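Input: a single structure, listed below in structure tokens.
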């Protein structure tokens with residue numbers, strides 16, 4: 001891999017386009033979906049741990065990874081401050097893969113502005129900035145969080161919150177909606193990586209061109225198996241395909257002389273709709 005996402009953002013000196021952000025995040029969420037499905041979560045997701053080479057991005061540095069069904073208590077010294085979920089700040093003895101989704105939301109927002117959303121110098125400073133953006137949590141937005149704060153005698157600063165559409169004026173409504181859901185106070189309200197992949201923001205990533213015609217029997221098979229298909233199944237169903245739109249490598253044409261499955265190896269989690 002050529003560099004990490006942090007170095008790429010510094011070198012660019014300007015925000016990414018929404019198409020570029022969609023391509024990058026589509027791959028990041030696929031990696032997280034695979035990791036979480038296998039029973040692990042990363043716990044240290046940040047631009048510096050996302051490796052980039054041309055249009056391909058991979059999740060690296062699994063030194064802080066842990067099994068999702070591991071026994072608590074979990075350490076609090078995880079994730080760079082700017083991407084750390086609020087439940088970790090509040091010393092929750094148990095957290096899960098939703099901390100990765102919070103970090104992914106913060107990274108996604110940063111890609112639109114080229115500035116960290118919660119850039120603070122300390123835990124208290126970062127929590128202060130989170131409250132300024134999300135607004136002070138209430139019983140309806142994060143009841144358990146109020147208990148966590150009380151347990152450590154922490155008092156949330158009083159802020160009304162800011163609309164994400166105002167923070168991210170260059171982002172589409174779908175992008176804003178996804179980021180807002182990922183950065184929910186309550187961990188259970190954040191979408192899983194698989195749910196994020198089904199968000200309208202990524203719908204353009206699932207198009208199969210009209211040249212691919214599936215028989216009714218094939219459609220029935222697709223409806224009865226998981227969304228993530230084996231390479232062998234992809235080869236069978238995409239036989240004869242001349243082009244494929246893939247957010248893993250941007251919109252591109254596939255040479256008819258090439259085996260179309262070779263283009264899918266960069267993006268093993270291809271969905272057909």
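With respect to the conditions (1) surrounded by fewer than 16 Cβ atoms within 10 Å (Cβ to Cβ); (2) under 21 Å from residue 80 (Cβ atoms), residue 130 falls short on a single one, namely (1). Applying a threshold of 6 Å to beta carbon distances and a minimum spacing of six or more residues, or different chains, the list of pairs starting in segment 146-162 at a residue that is within 10 Å of residue 90 (Cα to Cα) and ending at one that is crowded, with 16+ Cβ neighbours inside 10 Å reads 148/90; 148/92; 149/90. On the given criteria, is residue 91 buried (at least 17 other Cβ atoms within 10 Å of the Cβ), at pLDDT below 95 and either assigned by TED's automatic domain parsing to the domain that holds residue 176 or over 12 Å from the mean Cα position of the chain (by Cα) (or both)? The answer is no for residue 91. Residues of segment 24-42 include at least one that is surrounded by fewer than 17 Cβ atoms within 10 Å (Cβ to Cβ), outside any helix (DSSP H, G or I), in the same structural domain as residue 137 (by TED's automatic domain parsing) and in contact with a strand residue (DSSP E or B) (Cβ under 6 Å, 6 or more places away or on another chain).
Is it the case, given these coordinates, that residue 49 is over 20 Å from residue 93 (Cα atoms) and either surrounded by fewer than 17 Cβ atoms within 10 Å (Cβ to Cβ) or under 12 Å from the mean Cα position of the chain (by Cα) (or both)? Show your work before the answer.
Details: over 20 Å from residue 93 (Cα atoms): yes; either surrounded by fewer than 17 Cβ atoms within 10 Å (Cβ to Cβ) or under 12 Å from the mean Cα position of the chain (by Cα) (or both): no.
No, not satisfied.
Taken as a whole, the structure leaves residue 116 outside the set of residues that are out of contact with any strand residue (DSSP E or B) (no Cβ under 6 Å at 6 or more places or on another chain) and farther than 19 Å from residue 24 by Cα. For residues that are in contact (Cβ under 8 Å) with a residue 40 or more places away in the chain, under 22 Å from the mean Cα position of the chain (by Cα) and outside any helix (DSSP H, G or I), scanning just segment 110-145, find the one that is farthest from residue 45 (Cα to Cα). Checking each candidate, the answer is 114. Inclusion of residue 54 among residues that are farther than 25 Å from residue 9 by Cα, in the same structural domain as residue 188 (by TED's automatic domain parsing), surrounded by fewer than 16 Cβ atoms within 10 Å (Cβ to Cβ) and modelled with pLDDT under 90 is not warranted.
The values are calculated or read from the model by the stated rules, or taken from the named source; none is laboratory data. Quick caveat, the model's predicted, so the values are computed rather than measured. Using ideal geometry, Cβ is built from the backbone for each residue, glycine included, and neighbour counts are taken over all protein chains shown.
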